[in-house]
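Each remark here refers to the structure printed beneath this line.
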Amino acid sequence: MRNLADLKGPYRFIMIIVKNIDALQRHLDKARANGNIGFVPTMGALHEGHLELIRTCRKENVQTIASIFVNPAQFNDPTDFQKYPVTIEKDILLLEKEECQLLFLPPVEVIYPHGFKGTAYFDLGDLDKILEGRFRPGHFQGVCKVVNRLLDIVQPTRLYLGQKDFQQCMVIQKLIELTKKNTVVRVCPTKRESDGLAMSSRNVRLSESQRKTAPLIHNTLLRAKRQIKKGSLLMIKQERTAILSEAGFRPDYFEFASLRDLAIKDTWDGEEKLVALVAAYLGEVRLIDNMIIN
Ligand code: PAF
């Protein structure tokens with residue numbers, strides 16, 4: 001399964017890979033005795049953004065555990081699920097290079113022994129109804145389902161998430177509060193390509209010409225950050241959405257929201273801390289990004 005040429009050298013770190021809960025618990029019990037456990041959940045197709053989470057996690061914890069599980073419960077669009085990139089062998093090599101100690105690689109029946117369509121519901125208030133929640137109904141309930149299960153299994157001291165999925169970070173923070181877990185959420189800055197495009201596993205699905213257009217999504221946020229002033233925000237939203245449409249995107253939204261609770265803002269008092277969030281399709285690929293404004 002592994003390409004030995006990539007692994008040769010005087011020192012080779014060996015990561016433990018486990019697929020079932022019993023084996024995982026045995027390793028975690030030993031690890032817990034030595035100190036804090038940091039957890040980086042992923043759906044694989046790893047890129048620099050994920051690897052940066054692993055690096056931060058390694059610095060802050062004695063034991064780093066990553067998971068790779070493409071969660072069927074969080075895909076509201078079956079095509080997106082079918083086309084989600086899977087690169088397990090490469091991911092394993094990358095994680096080993098970062099000296100991630102443990103990888104949890106469960107099959108679907110380990111995470112969802114009773115199927116994933118169960119009725120578990122997490123009351124997230126408005127958080128799963130606005131922005132991504134409006135355009136991807138059920139998505140955040142699916143995220144909560146899997147993260148709740150993973151956190152119950154791993155019980156980490158700290159959980160590492162990327163700011164690119166800003167709303168997801170807030171949803172998971174809320175889930176942790178609702179379920180009274182002890183895990184601390186650490187949100188790490190978005191990793192970007194040199195042209196500003198936020199790194200995402202979905203970027204590999206962009207054609208050459210779409211890839212050239214894609215950084216506009218970041219530029220539009222930068223521009224909004226420069227433009228914003230006290231008063232109505234509607235003009236900026238409309239203008240940013242129109243610019244994306246003219247460039248060939250199909251925008252779902254360009255919004256400003258409160259950094260505290262993600263409530264959508266149409267006006268600004270010049271003081272409240274805001275985040276700008278955008279989601280738009282380029283062809284079949286849906287891209288999201290955000291920027292803290294002040
Ligand atoms: O951000 C992701 O990759 C996923 O939503 C997560 C948090 C691993 C849950 O499946």
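The values are calculated or read from the model by the stated rules, or taken from the named source; none is laboratory data. Computed from a predicted structure; not experimentally measured. Positions of Cβ are generated from backbone atoms using ideal geometry, with glycine treated the same way; all protein chains shown enter the neighbour counts. What goes into the accessible areas is simple: the full protein's heavy atoms, side chains included, and nothing from ligands, DNA or RNA. Shrake-Rupley method; radii C 1.70, N 1.55, O 1.52, S 1.80 Å.
Some points to look at:
- Any pair with Cβ under 6 angstrom, 6 or more apart, that starts in the range 192-205 at a residue that is within 14 Å of the ligand (Cβ to nearest atom) and ends at one that is part of a strand (DSSP E or B) and open to solvent by 60 Å² or more (accessible area, probe 1.4 Å): ALA198/ARG192
- Residue pairs meeting the criteria (Cβ under 6 Å; at least 6 apart or on separate chains; first closer than 19 Å to PHE256 by Cα, in the range 155-175; second within 9 Å of the ligand (Cβ to nearest atom) and part of a strand (DSSP E or B)): CYS169/LEU161
Residues checked against (1) surrounded by 19 or more Cβ atoms within 10 Å (Cβ to Cβ); (2) assigned by TED's automatic domain parsing to the domain that holds VAL70:
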| residue | (1), (2) |
| --- | --- |
| PRO156 | yes, yes |
| LYS181 | no, yes |
| GLU193 | no, no |
| GLN210 | no, no |
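- Test for GLU48: is it loosely packed, with under 14 Cβ neighbours inside 10 Å, assigned by TED's automatic domain parsing to the domain that holds GLN168, within 17 Å of MET15 (Cα to Cα) and of a type outside the set (Val, Ile, Thr): no
- Qualifying residue in the range 163-175 (condition: closer than 24 Å to ALA31 by Cβ, assigned to a helix (DSSP H, G or I), within 12 Å of the ligand (Cβ to nearest atom) and in the same structural domain as HIS27 (by TED's automatic domain parsing)): yes
- Among (1) in contact with a strand residue (DSSP E or B) (Cβ under 9 Å, 6 or more places away or on another chain); (2) farther than 18 Å from SER201 by Cα, the one test that THR42 misses: (2)
- Considering ARG58, ARG26, ARG32, the condition of being at pLDDT below 95, open to solvent by 70 Å² or more (accessible area, probe 1.4 Å) and assigned by TED's automatic domain parsing to the domain that holds PRO156 is satisfied by ARG32 alone.
- Candidates THR56, THR64 - the one that is hydroxyl-bearing (Ser, Thr, Tyr), outside any strand (DSSP E or B) and more than 10 Å from the ligand (Cβ to nearest atom): THR56
- Selection count where residues are free of Cβ contacts under 8 Å to residues at least 60 places away in the same chain, within 30 Å of SER207 (Cβ to Cβ) and open to solvent by 50 Å² or more (accessible area, probe 1.4 Å), scope the range 249-294: 2
- Any hit, the range 119-134, residues being within 16 Å of the ligand (Cβ to nearest atom), over 21 Å from LYS181 (Cα atoms) and either open to solvent by 60 Å² or more (accessible area, probe 1.4 Å) or assigned to a helix (DSSP H, G or I) (or both): yes
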